[in-house]
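Quick notes on the structure that follows.
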Amino acid sequence: MKSILDNRPLLAKQVAEVAEVAGYLWQKGWAERNGGNITINITAVIDDELRQMRPISEPIPIGKVLPQLKDCFFFCKGTNKRMRDLSRQPMENGAVIHILDDCSSYVIVADKPVKPTSELSSHLSMHNYLIGKGSNYKAALHTHPIDLVAMTHHPAFLEKDVLTNLLWSMIPETRAFCPRGLGIVPYKLPGSFDLADATIRELAEYDVVMWEKHGICAVGENIMEAFDMVDTLSKSAQIYLTAKSMGFEPQGTTPEQMKELKEVFGLPK
Ligand code: 2HA
Ligand code: ZN
């Protein structure tokens with residue numbers, strides 16, 4: 001079957017990376033049924049021919065005006081599609097969307113009219129925020145890691161930076177590779193504009209944001225980086241939970257060891 005990926009190696013590579021990460025999310029047990037979503041900003045790899053291709057949908061409203069997204073293109077997981085299917089057949093379970101000049105609606109430009117993710121408002125709000133602050137981040141990931149979501153069911157872990165400091169202290173990698181820590185958004189209706197707005201408020205300070213009793217969002221230069229941050233945090237959560245299940249409170253790295261890491265690695269916090 002003909003695909004818009006044919007003869008477009010740069011676009012095909014981006015989509016293949018999303019497919020690879022979608023497979024990891026399923027294998028990790030973080031993506032039950034249609035759980036989680038991925039969007040990447042692919043505007044830089046869109047050629048003139050694709051830009052002028054006839055869309056395969058009518059304009060669809062986003063419900064929000066996102067001025068930075070004018071004329072941008074995104075590859076998005078489809079709503080109600082499974083990560084495990086996205087990993088095998090990305091163009092059947094994901095869509096390319098083109099944001100129109102009104103900055104508040106989009107059309108689908110893809111092989112099939114797959115409607116984008118139910119969390120599109122959060123994802124596009126994050127991209128809009130990132131472009132607005134001049135960031136080179138192109139990827140947004142939302143997934144449901146069991147260990148990290150379980151931790152959000154304990155009110156003490158929802159206090160500002162409690163979880164960040166705990167997870168940083170479990171293994172030096174987490175401190176080094178998730179250096180801005182973990183923001184917390186109190187429970188909000190999935191897919192809502194409230195959730196989108198609260199998420200971008202946290203992105204001012206953090207690259208990764210927990211949604212209480214729901215999941216996690218991460219942004220990064222590419223989808224692999226966003227995945228790696230969540231994977232590293234989840235590793236720390238597992239070390240904590242393993243120690244607790246062995247019957248003791250893990251000691252954690254000391255403030256002096258943290259300070260040394262911050263200085264040697266040149267970390268922002
Ligand atoms: O796409 O995870 O938050 C399914 C979800 C909604
Ligand atoms: Zn979710």
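Every number in this text was worked out from the coordinates using simple rules, so none of it is lab data. This one's a predicted model, so the numbers in the text were calculated from it and none came from an experiment. Here Cβ is always computed from backbone atoms with ideal geometry, including for glycine, and neighbour counts include all displayed protein chains.
At a glance:
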read-out: Two-decimal log10 I(q)/I(0) for the chain, as the Debye equation yields it once each C-alpha is a single scatterer, q = 0.08, 0.15 Å⁻¹; value: -0.33, -1.06
read-out: Net charge contributed by nearby residues that have their C-beta within less than 15 Å of ALA150 (K/R +1, D/E -1); value: +1
read-out: Cβ-defined net charge surrounding ARG84, 15 Å radius [Lys, Arg +1; Asp, Glu -1]; value: +2
read-out: Which of SER87, ILE99, THR174, positive extreme of dipole for the chain (C-beta unit charges); value: SER87
read-out: Point-to-point label distance, PHE248-GLU173, nm (Cα→Cβ direction, 7 Å offset); value: 2.2 nm
read-out: Degrees, to the nearest 10: 9-28 long Cα axis against longest axis of the chain; value: 40 degrees
read-out: Cα centroid separation, segment 162-229 to segment 93-147 (Å); value: 17 Å
read-out: Segment 171-253, Cα convex hull volume normalised per residue, Å³; value: 105 Å³
read-out: Neighbourhood charge, 14 Å Cβ-Cβ cut-off, centred on PHE265 and excluding it, Lys, Arg +1 and Asp, Glu -1; value: +2
read-out: Pairs of Cα atoms farther than 16 Å apart, segment 1-79, %; value: 62 percent
read-out: Chymotrypsin sites (Phe, Trp or Tyr not before Pro) within segment 156-248, DSSP loop, no more than 16 other Cβ atoms inside 10 Å; value: TYR187, PHE248
read-out: Helix 193-203 vs. the chain, principal-axis angle (Cα, 0 to 90°, nearest 10); value: 60 degrees
read-out: Alpha-carbon Debye profile of segment 107-259, log10 I(q)/I(0) at 0.12, 0.17 Å⁻¹; value: -0.52, -0.97
